[in-house]
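Trainee: First the structure, which I've put down as structure tokens, then a few questions once you've had a look.
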Protein chains: 2
Amino acid sequence: MSTAEETTGGEVEPWEEVTPDAARRLLVAAVEAFAERGYHATTTRDIASRAGMSPAALYIHYKTKEELLHRISRIGHDRALDILRTASRREGTAKERLADAVGSFVRWHAGRRTTARVVQYELDALGPEARAEIVALRRQVDAEVRGIIEDGVASGEFDVRDVQGTTLAVLSLCIDVARWFTVNGPRTPEEVGALYADLVLRMVGAG
Amino acid sequence: MSTAEETTGGEVEPWEEVTPDAARRLLVAAVEAFAERGYHATTTRDIASRAGMSPAALYIHYKTKEELLHRISRIGHDRALDILRTASRREGTAKERLADAVGSFVRWHAGRRTTARVVQYELDALGPEARAEIVALRRQVDAEVRGIIEDGVASGEFDVRDVQGTTLAVLSLCIDVARWFTVNGPRTPEEVGALYADLVLRMVGAG
DNA sequence: GGCTGCGCTAAGCGCTCGCTCACCTTGGGC
DNA sequence: GCCCAAGGTGAGCGAGCGCTTAGCGCAGCC
């Protein structure tokens with residue numbers, strides 16, 4: 001269990017909060033389809049058939065295709081935020097906390113790449129209200145990383161001229177992992193996490 | 001003119017190679033639409049009406065909607081590669097060349113964000129042969145950046161353990177600019193380019 | 001053992017998609 | 001002044017989309 005936790009960057013088997021079982025199967029199918037082809041290129045028939053059900057079954061558990069994306073995005077952002085908060089609020093120096101935050105955040109983007117891809121790149125497919133809700137979560141993600149960097153600057157551990165710009169760059173680096181990472185590649189999520197943590201420490205002058 | 005060149009990261013008014021005029025207007029309209037809503041969410045009617053033409057006019061100049069994306073992606077990648085090659089082959093130390101490459105590459109992604117967005121994020125919408133052609137160009141992009149980093153390591157200017165991994169991270173950082181940058185934001189393309197060049201030099205141990 | 005309600009399916013509605021086709025307009029050559 | 005190619009339009013085709021509806025099978029209760 002704890003091994004699996006480490007390899008995925010935090011969670012054993014996700015979506016356990018989604019019930020009943022048929023709703024979860026549909027949601028998992030939607031994550032895979034959205035990650036592979038994108039939200040707009042995915043049909044409700046494709047999602048249903050991946051879940052082993054008829055097209056109409058989707059509408060028993062979800063009002064629209066967009067509600068599926070919203071649920072996925074919401075749960076994914078909650079999880080991402082949880083990962084960063086855990087790293088941010090542990091004991092230790094700012095350097096240790098930043099390395100932990102970047103390492104686990106990157107492991108999540110690499111290890112749970114299908115989810116991360118949907119979460120990070122399908123935001124624009126949401127309607128205005130749903131998008132506003134998610135954007136608020138993203139601001140909290142930004143605040144969490146910025147907080148660690150500010151702590152490091154205050155304690156003298158870090159040497160950063162533009163805190164907000166550096167925060168943006170750190171998150172940017174982590175998020176883009178979801179775009180290029182593939183399980184067929186030469187690196188494991190752990191290796192990428194360790195490399196990126198090291199690079200980020202250099203970026204803040206603590207390498 | 002040279003001012004404009006600097007603000008956009010390299011080019012004054014692009015797409016000049018696309019003729020005749022109607023074909024260029026359609027292509028520019030497609031870039032805007034694809035960048036705003038994504039390839040699959042864009043309709044041929046939307047593209048044509050942005051160009052001030054009827055839906056059927058598109059098919060006089062392009063065989064399919066996908067051919068439009070292919071042309072955009074090809075020209076955009078050529079331009080991106082050109083920017084990196086120019087920086088890579090200028091005279092100067094590896095440190096200067098890497099700062100120049102990252103600075104101009106980032107300025108292009110920020111200043112010509114609509115194009116960059118399509119180029120970097122709509123690759124999967126291409127068919128197999130077209131995608132293969134673009135993937136080859138991307139390998140050349142990677143090689144150009146890796147070359148500079150290898151030069152810096154060889155000359156002792158850089159301290160990099162994992163050259164390929166660091167190359168990936170540098171490109172990743174630059175590319176993700178196209179995802180988050182907005183003209184309404186607080187930073188100009190020049191400012192982001194300068195900040196990112198500085199951060200990248202730190203990543204390679206030359207900050 | 002019959003009834004009820006829930007989860008699901010088969011069929012299909014209305015719509016919009018990418019794309020086509022028959023026809024129209026226009027500017028240059030003779 | 002007439003012709004024709006090039007470049008455009010209006011109308012619409014077949015297909016596939018998101019989503020709905022009528023009804024089926026079956027587990028649980030009396």
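Trainee: When Cβ neighbours within 10 Å are restricted to other protein chains, what is their mean count per residue of peptide B:122-129?
Mentor: Across B:122-129, the average partner-chain Cβ count within 10 Å equals 1.
Trainee: Using a Gaussian network for chain B with springs between C-alpha atoms less than 10 Å apart, which of these wobbles most: B:Val170, B:Val192, B:Val183?
Mentor: Highest fluctuation among the options: B:Val183.
Trainee: Identify which of A:Phe158, A:Phe105, A:Phe34 has the largest mean-square fluctuation in a Gaussian network model of chain A, with springs joining Cα atoms closer than 10 Å.
Mentor: Comparing A:Phe158, A:Phe105, A:Phe34 in the GNM, the peak value goes to A:Phe158.
Trainee: I want to verify a result. In a Gaussian network model of chain A, Cα cutoff 10 Å, which of these has the top mean-square fluctuation: A:His40, A:His61, A:His109?
Mentor: It is A:His40.
Trainee: Just from its helices, what would the mean residue ellipticity at 222 nm be for chain B, if runs of 4 or more DSSP H residues each count -39500 (n - 2.57) and the sum is divided by every residue, rounded to the nearest 500 deg cm²/dmol?
Mentor: On the way: 11 runs with 147 residues, N = 207.
Counting only the DSSP helices, I get -22500 deg cm²/dmol.
Trainee: Using a 1.4 angstrom probe on protein heavy atoms only, which residues from the range A:175-195 are buried by at least 20 Å² of accessible area when all chains are present rather than their own chain alone?
Mentor: A:Ile175, A:Asp176, A:Arg179, A:Trp180, A:Arg187, A:Leu195
Trainee: Residues of chain A: accessible area per residue at 1.4 Å, in Å²?
Mentor: Values: 9010 Å² over 207 residues.
With the other protein chains kept in place, chain A gives 44 Å² per residue.
Trainee: Between the range A:172-207 and the range B:18-72, what is the C-alpha centre distance in whole Å?
Mentor: What the calculation gives is 37 Å, centre to centre.
Trainee: Something else: How large is ³J(HN,Hα) for each residue in the range B:173-186, as worked out from phi by the Karplus curve 6.51 cos²θ - 1.76 cosθ + 1.60 (θ = phi - 60°), to whole Hz, x for Gly and Pro?
Mentor: For the range B:173-186, the Karplus curve yields 4, 5, 5, 5, 4, 5, 6, 9, 5, 9, 5, 7, x, x Hz.
Trainee: Moving on. Could you state how much accessible area is buried at the A-B interface, both sides summed, with a 1.4 Å probe, in Å² to the nearest 100?
Mentor: On the way: alone 10300 and 10320 Å², together 18050 Å².
Buried area between the two chains comes out at roughly 2600 Å².
Trainee: With the label 7 angstrom out along Cα to Cβ, how close does A:Ile60 come to the same site in each of the other copies, in nm, nearest first?
Mentor: 5.3
Trainee: Put simply, what bits of the range A:144-171 lose 50 Å² or more of accessible area when the other protein chains are there, versus the chain on its own (1.4 Å probe)?
Mentor: SASA drop of 50 Å² or more in the range A:144-171: A:Leu168.
Trainee: To the nearest 0.05, what FRET efficiency results for B:Ala143 and A:Glu191 with a Förster distance of 25 Å applied to their C-beta separation?
Mentor: Values: r = 22 Å, r/R0 = 0.87.
For B:Ala143 and A:Glu191, the calculated efficiency is 0.70.
Trainee: Rounded, prolate or oblate: pick one for the protein assembly as shown, where a ≥ b ≥ c are the square roots of the eigenvalues of its C-alpha gyration tensor, a/c under 1.5 means rounded, and failing that, prolate if a/b is larger than b/c, else oblate. Could you put the intermediate results ahead of the total?
Mentor: Numbers: a/c = 1.83, a/b = 1.04, b/c = 1.76.
Note, shape of the protein assembly as shown comes out oblate.
Trainee: Heavy atoms only, probe 1.4 Å: what % of the accessible area of the protein assembly as shown goes to carbon and sulfur, would you let me know? Spell out each step's value before the answer.
Mentor: Values: 9060 of 18050 Å².
Taking all protein chains in place, the protein assembly as shown shows 50 percent carbon and sulfur surface.
The values are calculated or read from the model by the stated rules, or taken from the named source; none is laboratory data. Since this is a predicted model, take the numbers as computed values, not measurements. In this analysis, Cβ positions are derived from the backbone assuming ideal geometry, glycine residues included, and neighbour counts consider all displayed protein chains. Keep in mind that these areas ignore ligands, DNA and RNA; they rest on the heavy atoms of the full protein, side chains included. Shrake-Rupley method; radii C 1.70, N 1.55, O 1.52, S 1.80 Å.
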